[in-house]
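The block underneath contains the structure these notes are about, expressed in C-alpha cells.
The values are calculated or read from the model by the stated rules, or taken from the named source; none is laboratory data. Note that the structure is predicted; figures quoted are calculated from it, not measured. Note that each Cβ is placed from the backbone with ideal geometry, even for glycine, and that neighbours are counted across all protein chains shown. Side chains are part of the model used for accessible areas, which takes the heavy atoms of the whole protein and leaves out ligands, DNA and RNA. Shrake-Rupley method; radii C 1.70, N 1.55, O 1.52, S 1.80 Å.
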Amino acid sequence: MIKLIMHGCNGVMGQVISKIVEETDGAEMVAGIDRFDEGKNCYPVFTDLQKCDVKADAIIDFSAAPAVDALLDYAVEKQIPVVVCTTGLTDEQLKKLEDASKKVAILRSANMSLGVNTLLKLLKEAASVLAPEGFDIDIVEKHHRRKLDAPSGTALALADAVNEAVDHEYEYVYDRSQRREQRPKKEIGISAVRGGTIVGEHEVIFAGQDEVIEFKHTAYSRAIFGKGAVSAAMYLAGKPAGLYNMSHVIG
C-alpha cells in the first residue's frame, strides 16, 4: 500500500485527489497539510508543515507557489519523494527544486494529464517539420477566472516543446499591443484568457501559406489532473533522488 500526503489538501485539487485516492487500489491518503483544517477529511490534517510526523511514501503538492519552498525543505529533511504540481514558480524556486532533486526524488510537470503529455511529444514532431517551412506559431490558453498565473505552466511547456524541436531559436511574445510592425519569423505568441469556470483549454496554431494546422486539448474535469498526480506519486514512491517528469510515468 502506497501511503500519500496531500499538500494543499483543502484546495479544490486537494479534495479531488483525496477522492481519487479513496477509489484507487494500492494507495492510501495518510495525512494532509493546509493552512486551515476544516475537519472534512478522513485523515489527519496539519496546519503546520513541520508538525506533520506521519510516515509516507510520497507527497502530492497542489498548493500555491509561496508554499513550495518550505515543502522542498521538508521533503529533503524527511526523505519523502514529492510530486510538485503547483505552477507559477519563480526561477529561484525552480533552481531550488533542481537542487533538492539531487537529495530526494522530485517529479515536476506543468500538467499532469496523459493527453497533454502526449501532445507535447506530437508538437516536437510537428514543429521539426513545419517551423523550417516558415509556419508561424501561436498558443492560446484559457482557464477559469480564479487562476492566478498567466500564461499557464502548460502553455509554457507547450512552447518549450516546440522550441526544443528547433534548437531554441524562437522568442516568446506575450503582448503585441505596442507593436506596429510585421510579425518577425522567429517568435511564438502566447495568449491567456481568464473567465468563468473553464477548467483548461490549450490550442497550438501552426499558420502557413494557405493552410493552418491546429492542435487542441480541452480538459472537461479536474479529475484528469488528479488521476495523473496519483499515478505519478505511486510511480515516484521508492525512487532514488533525481528530477522526474510525466514522460517517465507514461514511458
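Place a label point 7 angstrom from the Cα of residue 250 along the Cα-to-Cβ direction, then list the residues of region 105-125 whose backbone nitrogen is under 12 Å away.
The answer is 110-125.
If I fit a long axis through the Cα atoms of helix 114-130 and take the longest principal axis of the Cα atoms of the chain, what angle between them do I get, 0 to 90°, rounded to 10?
Between helix and principal axis, roughly 20 degrees.
With a 1.4 Å probe and every protein chain left in place, work out the accessible area per residue of region 1-133 in Å², rounded to a whole number.
Ligands and nucleic acids excluded, the figure is 48 Å² per residue.
Compute the distribution of all C-alpha to C-alpha distances in region 56-202, in bins of 10 Å from 0, and list the percent of pairs in each, rounded to whole numbers.
Percent of Cα pairs in each bin: 10, 33, 33, 19, 4, 0.
Considering only the chain, what is the antiparallel percent among its DSSP beta bridges, to the nearest 5?
Of the beta bridges lying entirely in the chain, close to 35 percent run antiparallel.
At 1.4 Å probe size, with every protein chain present, just tell me what the per residue accessible area of region 177-251 comes to in Å².
Solvent-accessible surface per residue comes out at 58 Å².
Assign unit charges at the C-beta atoms only (+1 for Lys and Arg, -1 for Asp and Glu), then state the dipole size of the chain relative to its Cα centre in Debye, rounded to the nearest 20.
Result for the chain is approximately 500 debye, rounded to the nearest 20.
Along the charge dipole of the chain, pointing to its positive end and built from +1/-1 on Cβ of Lys, Arg, Asp and Glu, which listed residue (10, 174, 27) has its Cα farthest out?
10
Whenever you get a sec, compute what percent of the accessible area on the chain sits on carbon and sulfur atoms (1.4 Å probe). Provide the component values of the computation, followed by the final result.
Details: 6430 of 12920 Å².
Roughly 50 percent, rounded to a whole number.
Let a ≥ b ≥ c be the square roots of the eigenvalues of the Cα gyration tensor of region 180-219; is it rounded (a/c under 1.5), or, if not, prolate (a/b larger than b/c) or oblate?
In terms of gyration-tensor shape, oblate.
Which shape class, rounded, prolate or oblate, goes with region 1-116 when its Cα gyration tensor gives a ≥ b ≥ c as root eigenvalues, a/c under 1.5 marks rounded, and past that a/b bigger than b/c marks prolate?
rounded
For the chain, what log10 I(q)/I(0) values come out of the Debye formula at q = 0.09, 0.12, 0.17 1/Å, with one point per alpha carbon and no solvent?
-0.42, -0.72, -1.27
By its C-alpha gyration tensor, with a ≥ b ≥ c as the square roots of the eigenvalues, how is region 116-178 shaped: rounded for a/c under 1.5, else prolate for a/b larger than b/c, else oblate? Present the calculation step by step, with values, prior to reporting the outcome.
Working: a/c = 2.44, a/b = 1.45, b/c = 1.69.
Here region 116-178 falls in the oblate category.
Quick check for me: using +1 on Lys/Arg Cβ and -1 on Asp/Glu Cβ, what's the dipole size of region 126-251 about its Cα centre, in debye to the nearest 20?
820
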